[in-house]
Amino acid sequence: MQNEFGLRERKKIARRDALIDATHELIREHGLDNVTVEAICERVGVSVRTFFNYFESKLHAALGATPFSLDAEFCATYTAGGPSGDFAADTRDLLDQVLERPMPSKERIMAVIEIIKAEPTLVTRHMAIFESAVKEIEALIRQRLDAPDGDFRPEMYAMTVFHLARWATSLWHDAGGVGHPRDHIGGAYSDLRALIT
């Protein structure tokens with residue numbers, strides 16, 4: 001996947017990963033409550049300001065959770081009924097946008113799981129981060145469909161988008177991490193279709 005990004009982006013990914021690794025090391029050594037952002041930065045050799053360019057808090061770093069954001073131009077196009085006018089096709093493009101940012105390797109995901117097992121208080125934060133991202137997607141879909149608050153379809157569609165993103169990432173891992181998780185969107189849809197058709 002590294003060759004999917006330019007030199008600047010690869011450097012950012014490497015620094016992000018270094019901050020995550022340092023956070024995990026310090027948690028293993030001292031426990032979550034005793035780890036500070038300053039200690040993480042000292043281990044990596046970066047400023048606190050740099051840390052906050054990547055993560056909102058030490059908890060986000062422990063979970064490897066970078067800020068969730070989508071391309072503003074795409075979001076405006078999507079909520080206005082584009083890019084094609086077909087809801088299913090455009091929501092597939094929305095999934096492509098979700099997978100646009102660099103995804104963690106299988107090993108990094110396993111490391112986060114081990115940290116969560118050791119520090120169960122992270123479960124609540126992990127769920128909150130996930131729910132916030134789902135709500136952002138749900139809001140886009142609700143606006144696209146002009147759905148009232150009592151209509152629960154946007155919530156279901158948003159959850160499905162994220163589960164498809166997770167499954168496409170799993171298929172990418174199974175393929176050795178070659179290429180990009182977006183390359184496996186078709187496979188994720190095919191696996192879902194086997195259940196519902």
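The values are calculated or read from the model by the stated rules, or taken from the named source; none is laboratory data. All figures in this text were calculated on a predicted structure; none of them were measured in a lab. We place every Cβ from the backbone using ideal geometry, glycine too, and count neighbours over all the protein chains shown.
Table for the structure above
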read-out	value
Meets criteria (within 27 Å of E9 (Cα to Cα) and outside any helix (DSSP H, G or I)) for P104	yes
Among the candidates T50, T66, T36, residue that is of a type in the set (S, T, Y) and farther than 19 Å from I13 by Cβ	T36
Residue in the range 154-167 that is over 16 Å from the mean Cα position of the chain (by Cα) and surrounded by fewer than 18 Cβ atoms within 10 Å (Cβ to Cβ) present	yes
Residues within the range 112-153 that are surrounded by 16 or more Cβ atoms within 10 Å (Cβ to Cβ), in contact (Cβ under 8 Å) with a residue 12 or more places away in the chain and touching a Lys or Arg at 6+ places or on another chain (Cβ under 9 Å), tallied	3
Candidate set: the range 107-121, residues that are over 30 Å from P154 (Cβ atoms) and in a helix (DSSP H, G or I); chosen: the one farthest from the chain's Cα centre (by Cα)	A118
Residue within the range 73-94 that is out of contact with any helix residue (DSSP H, G or I) (no Cβ under 6 Å at 6 or more places or on another chain), more than 26 Å from T160 (Cα to Cα) and surrounded by fewer than 18 Cβ atoms within 10 Å (Cβ to Cβ) present	no
Unmet requirement for T36, which otherwise passes all of (1) among the hydroxyl-bearing types (S, T, Y); (2) more than 25 Å from E136 (Cβ to Cβ); (3) under 14 Å from the mean Cα position of the chain (by Cα)	(3)
Residues of the range 104-121 classified as of a type in the set (D, E, K, R) and touching a helix residue (DSSP H, G or I) at 6+ places or on another chain (Cβ under 6 Å), total	2
Lone unmet requirement of (1) of a type in the set (D, E, K, R); (2) touching a Pro at 6+ places or on another chain (Cβ under 8 Å); (3) free of Cβ contacts under 8 Å to residues at least 12 places away in the same chain for D90	(3)
Criterion (in a helix (DSSP H, G or I), charged (D, E, K, R) and touching a residue at least 24 places away in the same chain (Cβ under 8 Å)) met by exactly one of R43, R15, R8	R15
Answer from S47, S57, S69 - the residue that is under 17 Å from the mean Cα position of the chain (by Cα), surrounded by fewer than 16 Cβ atoms within 10 Å (Cβ to Cβ) and at pLDDT 95 or above	S57
